[in-house]
Structure formats: structure tokens, C-alpha cells
Amino acid sequence: MNFLAMVVGSIGLFLCVWHRKRLGLSFDLNKQERNQILWLTLAFFCVIGSYTVLKELKDLFFAQIVGANYVYKVKLISMFVLIPATLLYAKLVDYMSRFKLLMFYSLLYGIAGFVIAYFLNDPVVGLANTVANSNRTFGWFIYLFYEGLVPFVISVFWSFANSVTSPETAKKSYTLLIAGSKIGGMFTAGIAYLMFTPTTVLGKLQWSSVFINQVLLIGASILLVISPCIIYYLLQTSTEKSLQGYEAVHEYEQEQEKKGEAETGVFSGLTMLFRYPYIMGIFGMMFFYELVNVVLGIQRIVLLQEFAKDAAEFSGEMFYQRFLMHTVGLFISFFGTRILIKKLGEQTCLILIPLFMGGLLFCFMMFPSKETILWVFMALGMLNYAFASPLREALYIPTVRDIRFKSKAWIESFGQRFAKACGSGVIGFIQRIALVGTPAYTALFSGFFIWVVALWTIVAWLLGRKYSSVIKKGEAIGAD
């Protein structure tokens, strides 16, 4: 089965490249743009390859050390823990260049990963102690620490990419970045699955579950350390003009530096989030997705742990699902996202996001079952990373530095956790007033999803209209 999947994937990629013009996949990039996108894609390969492993390990470690039933609680706590971390990050934005900021956080999480991997084998605090307990602080620390990966590593990478890319180049090439990240996710998730599955070549080595987790954590940490090295090479081989990004924003930031007004304080990103409806709209696009995702995600973890025979099977199943998400996401990014953006434009594609998601939720509510939850969760992830993500990130291109780095960090740290906390609250509220599987339970969740999709669609329409207007006029959001 694995061999067949690899063969089909290889043939698909070959046909994709061979018939790229016929399929509308001719990217029309000049030499400098190709160089820039190539190295950005390789760096993103490392970042998402690492994140794919760390995201699952974070959940796995917490479930095994603390207990899966406490996932909803740690999601609530993470919302408040990340506030001081985001304030520190906002301060660093004023003093560090965009590359140094990316390097600092990549190395921080990379080096810390080596230390955490060492303690995983500890008989008291590590995985060697198989008794899950809510008092084991090591599990809480791992989860809360790696919750910062999105706002302080992935978000910083996208902020860097958005700052050196023009809207025209992004439209032609951001699907390449996503495709590269999907390959990175497939690579690491595939290796993890093979290591946890006893019938595969790597599984027959009969390594202990603890040792496999250590190897995966160290490998993911190495990828994080490599990513800023690739970006450094990009900076050395690119011209200054090619790294200016959106012209209107670049000119505004140059004027701010000349006036000595580049340093704006730790709360500027937060104030801009509430000051500009456009930025609040980007927050809304993220909020509604996370709201739905966490409702299904918590149920997924509980289901997988319930039906798995042991920790290794639990881990292997989670990585196998992640591998499928990246594999299908790769083809969506090549055959779907690129063509849809080219044919329909960003404004229409933004509206398609909640409509696609709503269709999946409709399937879930019409055919509720354990299998449906797992497949709908994976489909939501595929669409988000392969279709919604490049569109959402491109929205930051016509914004000033404070919005790209500071407001974005607030959205993806506190804002994202706030969305997850709301999702956890919805689950808790519905479960308190209705029994699982009853008509009342189904009706409450159906009503919740309908309202979310309706509001999501309105926000997407308004946001797409504003983006098109700003690009057409050559304006910069946040420059007034």
C-alpha cells in the first residue's frame, strides 16, 4: 500500500511538471524570482517538515504524560501563557532585522528540542514513566512551549516571505511554497509512520517507542536549525531590489527609518489589529477555521487513543493521517489552488474557503460517525494548508512591517488560542446540555456550524474586496 502510494505520487508529480503549461501551471518567473522562490521553498520545506513532526509529538507527549482528557484545558491555558511571549517578540521586532528574528526563534526551538529529547527517556518525568498524571509538569511544559511554533517560527517565516515578495510574484509562486511544504510534511510524517509501524522496514528494527520519539524530535530540531541557513544563502545571492517586496510598503518603511520612527513599541501590533478592519478580517479568517478545527480535533485525539492498542499504534495512526493530509494537499496546491487563483482571482477564492469548509461540515453532520470525524478533520486540514493558507498569507503583502510581524504574531498566538479556547468552550457547553449522539446534540452542533460558515463567508467577501482595491490603487495598509 505504501509502495503504491509512492508510485502514484511520483507519477502524479511527473505529469504535473511535464504538462505544466497545458494545466495552467506555467509560473512565468524570471531568473531572480526563481532563485528567491527556490530558496524560500527549501527553507519552508524544513520548517513544515519539522512542524509536522513537532505538532503531532506535542499532542502525543501530552496525551501520554498528562492524559488526552486534559487537552481542552491546556488549550485554554496556552492562550494566556503566550501573551508575555508575544510581548517579548514584539519588542524584538523593533531591535532585530527580519532575518535575525527568524534565525533567533528557529535556533531557540531547534536547540531546545535537543534538550527535551534527552529528558524523554527519564524514568520519572519522561515517556519511560507510562502512568499519565495531570501533575506531571514536563508534559504541560512541552505542549505550551511548542504552541509557540506557529506564531514565532512559521508566522515569522511567512512575515519574512511577505516582506520580500510582491503581490504579482506571490500570485504566481506561493503555491510553490505550499507544495514544497507539503513535500516536507510528507517526508517527515512518512518516516514517522514507518518507524512506528512494526510491519515496515523501519518498524522491523524494533526500536522502543521512547527512542523513536527521541529520534523524531532530534530530526525535527535539526531541520529548524537548517532553515535560517538557507535564508542566509538567499540573502547573499539576491539583489537588494529583489528583496524589497511590495513597493508602496517599502517606500513607507524607508521614510519611517529616515524619520527615526521605525521603533513603534510592543503594543503597536495589537492596536493596529483593532484599528484596521482589514487586519481584523484576516483574524476572522483564522478564527473561524480554528473554531471548527478544534471542535473536530479534540474528538479525533480522544478517538484515536481510545481505539489504539498501544502508544506506538496511536502515534503511527496520527502520523499516517498527517502523511495523507500533506500528500493530498500537495496535489490540491498544484492542480487546484494555482489554477483557481489564476482563473478566479483572490477575491472569489477567499469566498470559496468557507463554502468548501461548509460542505465538509455538512457531510459530517449528515453522516456522523467515528470515521467521518477523522476524514472530515483531515479534509479540513488539507484545504486549509493547501488552499486557504497561501491566500491568507498573501493578504499581508500590502501591509506595513508592524502589521506583518507584530499584528500577525498577536493573531497567531493569542488570537489563534482564543479561537481554540472558544472551540473548547463550545464543546464543553454542548456536552453539558445534551448527550452525545442524541438529536439535540446533533442539532446544537449543526446550528453552531451554520452560523460559523455564514459569518465566515461575509468576512471573506469583505476582505477580498478590500484587498483587490488596495492592490489596484497601490496603497499600503497601516501607512496612514
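The values are calculated or read from the model by the stated rules, or taken from the named source; none is laboratory data. Every value quoted in this text rests on a predicted model; they were computed, and no experiment measured them. Positions of Cβ are generated from backbone atoms using ideal geometry, with glycine treated the same way; all protein chains shown enter the neighbour counts.
Assorted remarks:
- All helices (runs of 4 or more DSSP H) inside segment 20-136 with 1 or more residues being surrounded by fewer than 20 Cβ atoms within 10 Å (Cβ to Cβ) and among the polar types (S, T, N, Q): 31-62
- Residue, nearest to residue 275 (Cα to Cα), within segment 445-480, restricted to residues that are free of Cβ contacts under 8 Å to residues at least 24 places away in the same chain and more than 25 Å from the chain's Cα centre (by Cα): 480
- Among residues of segment 197-215 that are within 21 Å of residue 128 (Cβ to Cβ) and aliphatic (A, V, I, L, M), those with a beta-carbon under 8 Å from a residue that is modelled with pLDDT under 75 and surrounded by 12 or more Cβ atoms within 10 Å (Cβ to Cβ) at least six positions away or on a different chain give the pairs 212/312; 212/315.
- Only one of 103, 6, 79, 96 that is at pLDDT below 75 and of a type in the set (A, V, I, L, M): 6
- The conditions of being under 21 Å from residue 405 (Cβ atoms) and without any contact (Cβ under 8 Å) to a residue 24 or more places away in the chain are not met by residue 141.
- The residue that is nearest to residue 323 (Cα to Cα), counting only those in segment 152-187 that are in a helix (DSSP H, G or I) and β-branched (Val, Ile, Thr), is 183.
- From the options 161, 220, residue that is touching a Ser or Thr at 6+ places or on another chain (Cβ under 7 Å) and either crowded, with 18+ Cβ neighbours inside 10 Å or closer than 23 Å to residue 128 by Cβ (or both): 220
- When 242, 209, 238 are checked against the criterion of being modelled with pLDDT under 90 and either touching a Phe, Trp or Tyr at 6+ places or on another chain (Cβ under 8 Å) or of a type in the set (A, V, I, L, M) (or both), a single residue qualifies: 209.
- Residue in segment 392-402 that is surrounded by fewer than 24 Cβ atoms within 10 Å (Cβ to Cβ) and more than 20 Å from residue 160 (Cα to Cα) present: no
- Every test in (1) surrounded by 24 or more Cβ atoms within 10 Å (Cβ to Cβ); (2) aliphatic (A, V, I, L, M); (3) closer than 30 Å to residue 339 by Cβ; (4) more than 16 Å from the chain's Cα centre (by Cα) is passed by residue 177 save one, and that test is (4).
- Residue that is modelled with the highest pLDDT [pool: residues in segment 273-289 that are more than 12 Å from residue 396 (Cβ to Cβ) and among the aliphatic types (A, V, I, L, M)]: 280
- Selection count where residues are surrounded by fewer than 14 Cβ atoms within 10 Å (Cβ to Cβ) and of a type in the set (S, T, N, Q), scope segment 198-217: 3
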